[in-house]
Amino acid sequence: MEPLFILVIIFYLLSTIGYLLYLFFQKDYLQKTGFYLLAAGFLCHTAEIGYRFFRTGQFPVANFHETLSLAGWAIAGVFLLFQYKFGLKILGVFAAPLVTFVVVIAARLPNVPKETGSLLNNLWLVAHVIAIFIGEAALALACGAGLLYLLQENAIKSKHRGFFFKRLPSLELLDSSGYACIVTGFTMLTFGLITGLIYAKSVWGRFWSWDPKEVWSGITWLLYAALLHQRLTVGWRGRRAAIMAIIGFAVVLFTFLGVNFLLKGHHGQFTRM
Amino acid sequence: MTSMLDIVLLGVNHKTAPVALRECLAITKDETSAALKAFQDLASIREVMLFSTCNRVEVLMVAEDKAGAVDTVKSFLSQLKQLPVSEFEKSLYIHEGDDAVRHVFRVAASLDSMVVGEPQILGQIKEAYQMATRTKTSGVLLNKLLHRTFFVAKRVRTETGIGDRAVSISYAAVELGRKIFGTFEGKKVLLIGAGEMAELAVEHLIRNRTGDILVANRTFENGMDLAKKFNGHAIRFEEIKDMLEQVDIIISSTGSPDYVVTRDHVKGIIRRRRNRPLFFIDIAVPRDIDPEINRLTNSYVYDIDDLKGIIDENLEDRHKEAIKGERIVDEAVISFRQWYDNLDVMPTIVELRRKIEDIANGELKRTQQTLGHLSADDLKAINRMTNVMVNKILHDPTLLLKSNGRHQDKSVYLDVIRKLFKLDE
């Protein structure tokens, strides 16, 4: 493993510790430390991915190690952006460990460069991959916000306010930031699917080929479309929206990983060991 | 000798005396200033301040003859309040020295309050202190002690969570609302019925900048009066059902034997509200709001027992935080003691220096008169020599007194030095 990648993991780990300490002790400087450590990790991570891109001349999603690493990078980046914009500090308690977990898994996988030919140099493909990853990262955060919402709502409804009641922000803030995550995620997902279709057309001459990955991506997209539609028409919010965000992300995970391992399709190369 | 001066505090509080007795002993502002003036003329009491709140009456003083001062205050109180000493003597606590200092710190930091962490007490002590400075009954010791007290109280408040959590029904309701809505801006409040607690809750909400206030009362006129008070609108009791679609926070406090708002009322409007959350605060007994509503989506019902439960939890938290506060107080007592120990050393050092300097200067003057032939330069040299001698003689005794030995050792040295140089005459 490269030293730079080790540094990335160390930063993410320290950030996780910072956020967990924040969860317990509620001191603002802990949260800030966690945030800056994550940002530092993210910068190193960006450099690492950029270096890999530069060295191999292809977008680094050629094996499972690279794919997971990029997923972790996207979650970290999207979280930093959301945190900067919405200030939902407590979400770091979900995001930082998730990023660390994903990157540590990536680090434990063999990192053997796989030849993919010119496949990964197409601009449409790079746009497709980046958009999908950012979208999925935002949906992961939506899932996190949903989980926190359920915890907080349970504390209020059951009237047994325990550990989480004072540590979590208001239901309103959790709900609205989860919604913002889903809007962002859905937009990027849509963009990613469109660029993917265009790429498919340019390579295989067909937009859609009923590949399992395509089918499940379609299902994921429809699910979030339905969720947003319900919110806009009848005001689906709160508990139900939170549960849907969690279910939606489970489907995202299946589309991302499950399809590659359980079903076969033309995305298999990204998760080769 | 100054080291005999000590801080003494006596008083009664909610723990030692029932309210009936505290009422009898309570001292008004006018009485306080009269009392301070009366104490001023007494030789036994050097400095004094007096504070009286609904939970305590305390006299804090600096006295030479502690027992005498305590008796004086007792008989004064007895006279002022027309109450035989025996009536309140058993409820009286008397603290001296460090214990008195600790007590003052604890009271000001609200560690000794009936509701631990309540913020009013500090203001009341500040007021009492101002009264003492105005009548000039506070001196070096009380000034220092009170400034330390304000500092300690502030530290306890900022460094512990002693005052963080709501401990009244209305505050607890607002705290909960904040966890649901985040901000109250633009949120509509409906008050059903009337009552002190309910109205207090509405006032707290208004202070947090809620939107419109609606008031529903069985008697429309009463509702109108209340609405005017809150700058809101009155609605008819029958309109409550329809209004549920618009309002966000409902505070109910009626004498109705049945539920005023039922599950069916709310179930019907959730969709029309586009699932915006509804928060019911039910202060009435018997309850006004159907508890089943709590099971509907995005609807939250808290009744009086739930709110009391929160307050109990919060009080428990405050008591936990109070332990941290006690630690801060302990530190402050030790540091005050150090200052105080040095205080009785300083005058002795100053007096000792003055005595030696007086001797030296006196002899110098006499010598100059007899030795008229000395030049100005010679005189200067002799002057300088004398000064150096005084300093060198005083150097070691001063160091000894200032050293951080135990207080008892020091008072022995102080005693010896004062006797050796006859400083007390």
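Bear in mind that the values in this text are calculations on the coordinates, not laboratory data. Keep in mind that this is a model prediction, so the values were computed, not measured. Cβ sites come from the backbone with ideal geometry, for glycine too, and all protein chains shown count toward neighbours.
Near B:ASP303, the amide H atoms lying under 5 Å from its own belong to B:ASP282; only residues 5 or more places off or on other chains count, and H is placed 1.01 Å from N. Electrostatic tally near B:ASN383: other residues with Cβ closer than 11 Å to its Cβ, Lys and Arg +1, Asp and Glu -1, net +1. Springs between alpha-carbon pairs under 10 angstrom, Gaussian network model over chain B: which of B:HIS95, B:HIS395, B:HIS373 fluctuates most? Answer for the Gaussian network model of chain B: B:HIS373. Among A:VAL234, A:VAL99, the order by Cβ neighbours within 10 angstrom, fewest to most, reads A:VAL234, A:VAL99. Look at B:SER168, B:SER375 and count the other Cβ atoms within 10 Å of each Cβ; fewest to most, that gives B:SER375, B:SER168. For B:ARG218, nonlocal amide neighbours, meaning residues 5 or more places apart or on other chains whose placed amide H falls under 5 Å from its own, are B:GLY193. Taking other residues whose beta carbon is less than 9 angstrom from the beta carbon of B:SER110, and scoring Lys, Arg as +1 and Asp, Glu as -1, yields 0.
Charge dipole (Cα centre; +1 on Lys/Arg Cβ, -1 on Asp/Glu Cβ; no other charges) of region B:169-312 amounts to roughly 660 debye. Packing-based ranking of A:134-146, B:174-186 yields A:134-146, B:174-186, ordered from highest to lowest mean Cβ neighbour count within 10 Å.
Just the Kirkwood number for region B:1-116, please: inverse of mean 1/r across all distinct Cα pairs, in Å, one decimal. Provide the component values of the computation, followed by the final result.
Values: mean 1/r = 0.0696 Å⁻¹.
One decimal place: 14.4 Å for the Kirkwood radius.
Between B:ASP358 and B:SER86, the simple label model (points 7 Å from Cα in the Cβ direction) yields a spacing of 5.2 nm.
Between B:VAL416 and A:TYR51, the distance separating the two model label sites (each 7 Å from Cα on the Cα→Cβ line) works out to 7.4 nm. Remark on B:ILE251: its backbone amide H falls under 5 Å from those of B:LEU190, B:LEU191, B:ILE192, B:ILE281, a criterion applied only to residues 5 or more positions apart or on other chains, H modelled at 1.01 Å from N.
3J(HN,Hα) couplings calculated from phi for region B:114-124 with the Karplus curve 6.51 cos²θ - 1.76 cosθ + 1.60 (θ = phi - 60°) are, in sequence order, 5, 9, 4, x, 5, x, 5, 4, 4, x, 5 Hz; Gly and Pro show x. Sorting the segments B:272-285, A:43-56, A:14-27 by their mean number of nearby beta carbons within 10 angstrom, highest to lowest, gives B:272-285, A:14-27, A:43-56. Here region B:61-83 is scanned for amide nitrogen atoms under 12 Å from the site 7 Å beyond the Cα of B:ALA43 along Cα-to-Cβ, giving B:65.
Volume per residue for the protein assembly as shown equals 260 cubic angstrom (convex hull of Cα atoms). With 0.36 nm allotted per residue and the present C-alpha distance subtracted, the B:LYS15-B:ASP341 stretch has 114.2 nm of extension available. Which is farthest toward the positive dipole end of the protein assembly as shown among B:SER375, B:LEU400, A:ALA140, measuring Cα position about the Cα centre, with Cβ charges +1 (Lys, Arg) and -1 (Asp, Glu)? Result: A:ALA140, furthest along the dipole toward the positive end. Net charge dipole, the protein assembly as shown: roughly 2000 debye, given to the nearest 20, about the Cα centre with Cβ charges of +1 for Lys and Arg and -1 for Asp and Glu. Take each residue in A:163-173, count the other chain C-beta atoms within 10 Å of its C-beta, and the mean is 4. Peptide A:143-154 shows a mean partner chain C-beta count of 1 within 10 Å per residue C-beta. Counting 0.36 nm for each residue step from B:LEU315 to B:THR219 and taking away their Cα separation leaves a gain of 30.8 nm.
Legend: mean number of C-beta atoms from other chains within 10 angstrom of residue C-beta atoms, peptide B:292-298, equals 3.
Backbone geometry of region B:79-87 corresponds, through the Karplus equation with coefficients 6.51, -1.76 and 1.60 at θ = phi - 60°, to 3J(HN,Hα) couplings of 5, 4, 9, 6, 9, x, 3, 4, 5 Hz, x marking Gly and Pro.
Just add up the charged neighbours of B:ASN208: K/R +1, D/E -1, any other residue whose Cβ is under 11 Å from the Cβ of B:ASN208.
Once positives and negatives cancel, what remains is +1.
Whole-Hz Karplus values for region A:161-168 come out as 6, x, 4, 8, 3, 7, 8, 9 Hz, taken residue by residue from phi with 6.51 cos²θ - 1.76 cosθ + 1.60 and θ = phi - 60°; glycine and proline positions read x. Relative to the Cα centre, the charge distribution of chain B, modelled as +1 at Lys and Arg Cβ and -1 at Asp and Glu Cβ, gives a dipole magnitude of about 1220 debye. Between B:LYS29 and B:SER256, the modelled label-to-label distance comes to 4.5 nm, taking each label 7 Å out from Cα in the direction of the beta carbon. Under 28 Å of direct C-alpha separation, and excluding same-chain neighbours fewer than eight residues apart, B:LYS228 reaches these lysines: B:LYS187, B:LYS188, B:LYS241. Sorting the Cα pairs of region B:341-420 by distance into bins of 10 Å, from 0 upward, gives 16, 40, 23, 15, 6, 0 percent per bin. Apply the a/c threshold of 1.5 to the C-alpha gyration tensor of chain B and tell me whether it is rounded, prolate or oblate. Judged from the Cα gyration tensor, chain B comes out prolate (a/c at least 1.5, a/b above b/c). Rg and Dmax of region A:98-197, based on Cα coordinates, read 18.7, 60 Å. If R0 equals 41 Å, the separation of the Cβ atoms of B:LYS228 and B:PHE150 corresponds to a calculated FRET efficiency of about 0.50. For the pair region B:28-44 and region B:100-175, the centres of their Cα atoms are 23 angstrom apart.
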